[in-house]
1. Charges only on Cβ, +1 for Lys and Arg, -1 for Asp and Glu: so what's the dipole of the chain about the Cα centre, in debye to the nearest 20?
2. Counting helices only, and only those DSSP H runs with n ≥ 4, report the 222 nm mean residue ellipticity of the chain as the sum of -39,500 (n - 2.57) divided by its residues, in deg cm²/dmol to the nearest 500.
3. Check which residues have an amide H placed less than 5 Å from Asp103's amide H, if you skip close sequence neighbours.
4. Among Glu196, Glu157, Glu40, determine the one that fluctuates most according to a GNM of the chain built with springs between C-alpha atoms less than 10 Å apart.
5. Could you tell me, in Å, what Rg and Dmax come out for the Cα atoms of the range 182-237?
6. When only DSSP loop residues count, what trypsin sites (Lys or Arg not before Pro) in the range 70-162 have their Cβ near at most 10 other Cβ atoms within 10 Å?
7. Pick from Leu28, Leu223, Leu111 the residue whose mean-square fluctuation is largest in a GNM of the chain, springs joining Cα atoms under 10 Å.
8. Among the listed pairs Lys94/Lys232; Lys112/Lys160; Lys75/Lys143, which are separated by more than 23 Å between their Cα atoms?
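Every number in this text was worked out from the coordinates using simple rules, so none of it is lab data. In this text, all values refer to a predicted model and were calculated from it rather than measured experimentally. Here the Cβ positions follow ideal geometry from the backbone for every residue, glycine too, while neighbour counts run over all protein chains shown.
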Amino acid sequence: MAISEAVEVAIQNDDTRYSLGSVLNHVLLHQTVTGLETQEQLKLAGDEVDVLVGCVGGGSNFAGLAFPYVPQKLKGRDIKFLAVEPHACPTVTKGEFRYDFGDTAEMTPLLKMHTLGHTFVPPGLHAGGLRYHGMAPLVSHLKDLGLIEAVAYHQTECFKAAVTFARAEGHIPAPETAHALRAVEDEALKCKETGEEKCIVVLYSGHGHFDMSAYDRYLAGELEDYAYPEEKITQALADLPDIS
């Protein structure tokens, strides 16, 4: 089967939305206009980034912001790149850096990435864009080199951060974006404790106007946290293709 045919078949599977639209290298590079614009805005403000935070599902949003700053990091600038994901889908924090399929139908080319296994079945997490089983190869490579860091949070603490943000800024964040905002809170509190002054840049990746039912459940105390079990991760990883 030709690659174009394989991709066409794979697109029919919902789980490939993120594999094809969010993890392939050319998509990540197209997104770098975000980071380039950020650099220009910070020049106007007379500041430079110290900490850069973004949520990660497939990795394209985060990469779009972070990649233009990677050359500065390689030249010795002390920039912290923080990729934030849910405990319910811990692709980077608990997945392995292995070759895997980008879809459950095993129709896409193999990609070397941090993965939970293409048979991974994500739980019912409100941050739907963060439920993909793999992370973009380029983002995974940077993590493997130690150039970026990753952290995971539960959804209730992320919604708490989102409500705080909405009350302060008047914008309702998407559940995905809320993960990044939760990490920003922690980074800001670290600065408060140490007395350091840092420029923290966060990627506000989307609004939550279509997620109001999730906010209703959070405010009613009905949201539950879920950490994906280690045994299920091990089971899914056992199905990875053997590349020797």
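1. The calculated dipole for the chain is roughly 460 debye.
2. Calculated mean residue ellipticity at 222 nm is -13000 deg cm²/dmol.
3. Placed amide hydrogens put Thr108 under 5 Å from Asp103.
4. Looking only at Glu196, Glu157, Glu40, the largest GNM fluctuation is found for Glu196.
5. Values for the range 182-237 (Cα only, Rg and Dmax): 17.3, 45 Å.
6. Here the sparse-neighbourhood loop sites are Lys75.
7. Fluctuation is largest for Leu223.
8. Listed pairs above 23 Å: Lys112/Lys160.
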